[in-house]
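Right, one structure below, let's go through it.
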Amino acid sequence: MNLFYNLGISLYSAAVGIAATRNNKARLMKAGQAQTFGILAEKVDTSASYIWIHVSSLGEFEQGRPLMEMIKKHTPEKKILLTFFSPSGYEVRKDYPLADVVCYLPMDKPSLVRRFLDAVKIEKAFFVKYEFWGNYLSELKRRGIPTYIISAIFRPTQAFFKWYGATFRRMLGCYDMLFVQDEESRALLAGIGVDNVVVAGDTRFDRVTDILEDHTDLPVVESFSRGAFTLFVGSSWQPDEDFIIPYFNKHPEMKMVLAPHEISEDRISGILTGLKRPAVRYTKTTPEEAAEADCLIIDCYGILSKSYRFATVAYVGGGFGVGIHNINEAAVYGIPVVFGPKYGKFKEARDLIALEGAFTVSRGDEYALVMNRLLSDGEYLKKHGEIAGGYIRDNLGATRRIYDAIFK
């Protein structure tokens, strides 16, 4: 890549190093990247080739997971290398059983890229959704390694489509095939001369139907929600909670499961301070005690997607920050979904809003109007939930389309 790109990567790497002195996520990333080559030396079978799947974080992992499962189902002898960029993905899924090797991706510096690709014999490389690392892509192309991006989605505001985006457009030329979520993305790419594109859809839809069939026992959540109108608040941030908790405090006719995006003791303590009704923590309660509480705080990772099956309505957080979290995990259960205003990057959110299977709110009074109607009108609740569930069913099959295009 060019000098300015590499300078940007170096500056970013330095910023992570500085942030690591006071930020836990940055600290985990720096320490994890330092361990990568040791993990590869220990765990990589040098006589074997690997299918490399790279994801940024936990949400992208859920998009890559259906493809990994299909590969292992049809060709169990294939080995998979799974890399993460973000600690919020790696720390939760570092023991994912279908991956033969799991590690952080080293920074996109030319020397580290060459060292990484020298350490593993890559058969095919897959990047998920938004991952565009110029030096990795260029080196994969130079080595003749087939490279793909899956569940990608493009918007006119991205650098690829700007006058200054030549460096980023060159990255797109490194992919053997781009599997995009929608026709709009295909048309944007065609407009800049990128034609090796397949509209395959979003693999997350296939993943959430797998979750739907997972009947893992969750006795605490089941006992808590039994027979009650239960709002599930998933991956919430402070701006979400600023109006959700006051509304909940005033409505004894409902219960609430609250799963904050970050589960530090400070965050949990702050939530407990704001609650005026009896609350328990998932890791510190029993099914019997939970049944008597009004609010259940999920203070661990890994159970939210399975827990939505006990919800009456879901609120998915992130819509007052960088963007909403995974709404499909809730919608698959045929329940209405509510989220904040920053959802424009997410096709499924735009679609569900248009279909009226989801609702977006910008202020507490808007949230109250939506919740008042869902609480008081059973037919309204049922209608909009069925729309949400039907949308998920109508969008299945992306994983099969990708797999058949590459492996058959």
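The values are calculated or read from the model by the stated rules, or taken from the named source; none is laboratory data. Computed from a predicted model, the values in this text were never measured in an experiment. Note that we place each Cβ from the backbone using ideal geometry, even for glycine, and neighbour counts take in every protein chain shown.
Quick one: is Val180 touching a strand residue (DSSP E or B) at 6+ places or on another chain (Cβ under 7 Å), farther than 25 Å from Gly390 by Cβ and at pLDDT 95 or above? The answer is no for Val180. Among the residues of region 371-388, are any over 21 Å from Trp237 (Cα atoms), part of a loop (DSSP other than H, G, I, E, B) and either among the acidic types (Asp, Glu) or modelled with pLDDT of 95 or more (or both)? There is at least one residue in region 371-388 that is over 21 Å from Trp237 (Cα atoms), part of a loop (DSSP other than H, G, I, E, B) and either among the acidic types (Asp, Glu) or modelled with pLDDT of 95 or more (or both). Screening Phe168, Phe154, Phe229, Phe161 for residues that are outside the structural domain of Asn135 (by TED's automatic domain parsing) and at negative phi leaves exactly one candidate, Phe229.
Which of the following residues is more than 16 Å from the chain's Cα centre (by Cα) and without any contact (Cβ under 8 Å) to a residue 60 or more places away in the chain: Val338, Val313, Val322?
Numbers: Val313 fails: without any contact (Cβ under 8 Å) to a residue 60 or more places away in the chain; Val322 fails: more than 16 Å from the chain's Cα centre (by Cα).
Criteria check complete, one pass: Val338.
Residue-wise test of (1) assigned to a strand (DSSP E or B); (2) surrounded by fewer than 21 Cβ atoms within 10 Å (Cβ to Cβ); (3) basic (Lys, Arg); (4) in contact with a helix residue (DSSP H, G or I) (Cβ under 6 Å, 6 or more places away or on another chain).
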{"residue": "Phe132", "(1), (2), (3), (4)": "no, yes, no, yes"}
{"residue": "Leu137", "(1), (2), (3), (4)": "no, no, no, yes"}
{"residue": "Tyr148", "(1), (2), (3), (4)": "yes, no, no, no"}
{"residue": "Arg155", "(1), (2), (3), (4)": "no, yes, yes, no"}
{"residue": "Arg170", "(1), (2), (3), (4)": "no, yes, yes, no"}
{"residue": "Tyr175", "(1), (2), (3), (4)": "no, no, no, no"}
{"residue": "Glu184", "(1), (2), (3), (4)": "no, yes, no, no"}
{"residue": "Asp206", "(1), (2), (3), (4)": "no, no, no, yes"}
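Name the single residue that is farthest from Cys295 (Cα to Cα) among those in region 243-266 being at pLDDT 95 or above and in a helix (DSSP H, G or I). So the residue we want is Phe243.
Is there a residue being more than 29 Å from Glu386 (Cβ to Cβ), among the acidic types (Asp, Glu), assigned by TED's automatic domain parsing to the domain that holds Leu374 and touching a helix residue (DSSP H, G or I) at 6+ places or on another chain (Cβ under 9 Å) anywhere in region 293-301? If you could, list the steps in order and put the result at the bottom.
Of all residues in region 293-301, those more than 29 Å from Glu386 (Cβ to Cβ) come to 293, 297, 299-301.
Cutting the leftovers down to among the acidic types (Asp, Glu) gives us 299.
When the remaining residues are screened for being assigned by TED's automatic domain parsing to the domain that holds Leu374, the result is 299.
If we keep only those that are touching a helix residue (DSSP H, G or I) at 6+ places or on another chain (Cβ under 9 Å) as well, we get 299.
Yes.
Which of the residues belonging to region 14-57 are in contact with an Asp or Glu (Cβ under 9 Å, 6 or more places away or on another chain) and within 30 Å of Phe346 (Cα to Cα)? Step through it out loud before you land on a result.
Step one: filter region 14-57 for residues in contact with an Asp or Glu (Cβ under 9 Å, 6 or more places away or on another chain), giving 28, 32, 43-45, 48-52, 54-56.
If the condition is that a residue be in contact with an Asp or Glu (Cβ under 9 Å, 6 or more places away or on another chain) and within 30 Å of Phe346 (Cα to Cα), then Leu28, Gly32, Ile51, Trp52, His54, Val55, Ser56 are the ones that fit.
Checking the structure you have, find out if any residue of region 28-40 is buried (at least 18 other Cβ atoms within 10 Å of the Cβ), out of contact with any helix residue (DSSP H, G or I) (no Cβ under 9 Å at 6 or more places or on another chain) and either outside any helix (DSSP H, G or I) or among the hydrophobic types (A, V, I, L, M, F, W, C) (or both). Looking for residues that are buried (at least 18 other Cβ atoms within 10 Å of the Cβ), out of contact with any helix residue (DSSP H, G or I) (no Cβ under 9 Å at 6 or more places or on another chain) and either outside any helix (DSSP H, G or I) or among the hydrophobic types (A, V, I, L, M, F, W, C) (or both), one finds none in region 28-40, hence no. Screening Ser47 against (1) part of a helix (DSSP H, G or I); (2) more than 25 Å from Ala152 (Cα to Cα); (3) of a type outside the set (Lys, Arg); (4) modelled with pLDDT of 90 or more leaves a single unmet condition, (1). Looking across region 308-343 at every residue that is part of a loop (DSSP other than H, G, I, E, B) and among the polar types (S, T, N, Q), the one that is modelled with the lowest pLDDT is identified as Asn326. The single condition among (1) modelled with pLDDT of 95 or more; (2) touching a helix residue (DSSP H, G or I) at 6+ places or on another chain (Cβ under 8 Å); (3) in a helix (DSSP H, G or I); (4) of a type in the set (A, V, I, L, M, F, W, C) that Ile211 does not satisfy is (1).
Note on region 280-303: residues that are surrounded by fewer than 14 Cβ atoms within 10 Å (Cβ to Cβ), more than 24 Å from the chain's Cα centre (by Cα) and under 29 Å from Asp95 (Cα atoms) total 2.
Residue-level analysis places Ala311 outside the set of residues that are small (Gly, Ala, Ser) and over 30 Å from Glu356 (Cα atoms).
Name the one entry in Thr21, Thr36, Thr46 that is β-branched (Val, Ile, Thr) and free of Cβ contacts under 8 Å to residues at least 40 places away in the same chain.
Working: Thr36 fails: free of Cβ contacts under 8 Å to residues at least 40 places away in the same chain; Thr46 fails: free of Cβ contacts under 8 Å to residues at least 40 places away in the same chain.
Just one listed residue meets the conditions, Thr21.
Scanning region 294-307 for residues that are of a type outside the set (Gly, Ala, Ser) and modelled with pLDDT under 95 yields Asp299, Cys300, Tyr301, Ile303, Leu304, Lys306.
Exactly one residue among Leu58, Leu67 is under 18 Å from the mean Cα position of the chain (by Cα), crowded, with 16+ Cβ neighbours inside 10 Å and without any contact (Cβ under 8 Å) to a residue 40 or more places away in the chain, and that residue is Leu58.
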